[in-house]
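The values are calculated or read from the model by the stated rules, or taken from the named source; none is laboratory data. Values in this document were obtained by computation on a predicted structure and should not be read as measured data. Cβ: placed from backbone, ideal geometry, glycine included. Neighbour counts: every protein chain shown. Calculation scope for accessible area: heavy atoms of the full protein, side chains included, ligands and nucleic acids excluded. Shrake-Rupley method; radii C 1.70, N 1.55, O 1.52, S 1.80 Å.
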Amino acid sequence: MSKLNSVLEKLPHCPIALTVSVIASRWKLLIIRDLLVSTKRNSELLASLDGVSQKVLTSTLKEMVKQGLVTRKVYPEVPPRVEYSLTPLGFSLVPVLVALKNWGEHFQETMGLESPEADINDIYMGKIYQQLQERGIDSCQNFDQVLNTQYNKLFADLKAQDLEKVFDNPNT
């Protein structure tokens with residue numbers, strides 16, 4: 001059995017379970033949300049994620065780099081400067097974030113929960129929509145076409161070793 005087949009056999013067969021296995025953690029989606037807006041340094045992420053410890057943030061970022069969702073750029077300076085950005089694969093999770101935001105708003109409204117008039121999520125989503133428009137994505141149909149093209153290219157480019165890195169679980 002090839003290495004690729006071995007890795008693929010360990011993956012959940014359900015697409016939802018597969019997606020959850022990649023992005024499920026208390027902090028990953030919020031890190032992606034922050035990086036959709038712009039490249040961030042560790043200290044900026046730490047400040048924006050209320051309640052995350054430095055240790056957990058570092059661990060989560062390392063995992064996201066390994067999974068190919070985030071890039072880590074180290075500048076040869078003293079003191080060293082490190083910046084994190086989303087990869088195209090990380091950016092492809094925009095529809096997930098948009099769906100979560102829409103569901104959350106609907107839930108708040110249905111349950112009669114109060115929502116601040118202009119919270120930080122509205123600011124983030126506004127910037128995300130602006131970035132989408134700058135990339136030529138101006139409608140849901142156009143968005144789906146662009147994403148399908150990106151998905152096809154992204155996943156065609158993955159190699160067996162990349163898949164092993166993404167889904168390697170030291171606990172199994």
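Expressed in nm to one decimal, what extension gain is obtained for the pair R41 and M111 from 0.36 nm per residue of sequence separation less their Cα-Cα distance?
21.5 nm
Just to verify a number: FRET efficiency for E77 and S53, C-beta to C-beta distance, R0 = 30 Å, to 0.05?
0.70
Among 75-83, 40-48, what's the highest-first ranking by average C-beta atoms within 10 angstrom per residue?
In descending order of packing, they fall as 40-48, 75-83.
Return the long-range amide H neighbours of V70 (sequence gap of 5 or more, or a different chain), with a cut-off of under 5 Å between placed amide H atoms.
Counting only residues 5 or more places away or on other chains, the set is V65, T87.
Excluding ligands, DNA and RNA, what is the solvent-accessible area per residue of the stretch 42-122 at a probe of 1.4 Å, expressed in Å²?
Computed with neighbouring chains in place, this is 64 Å² per residue.
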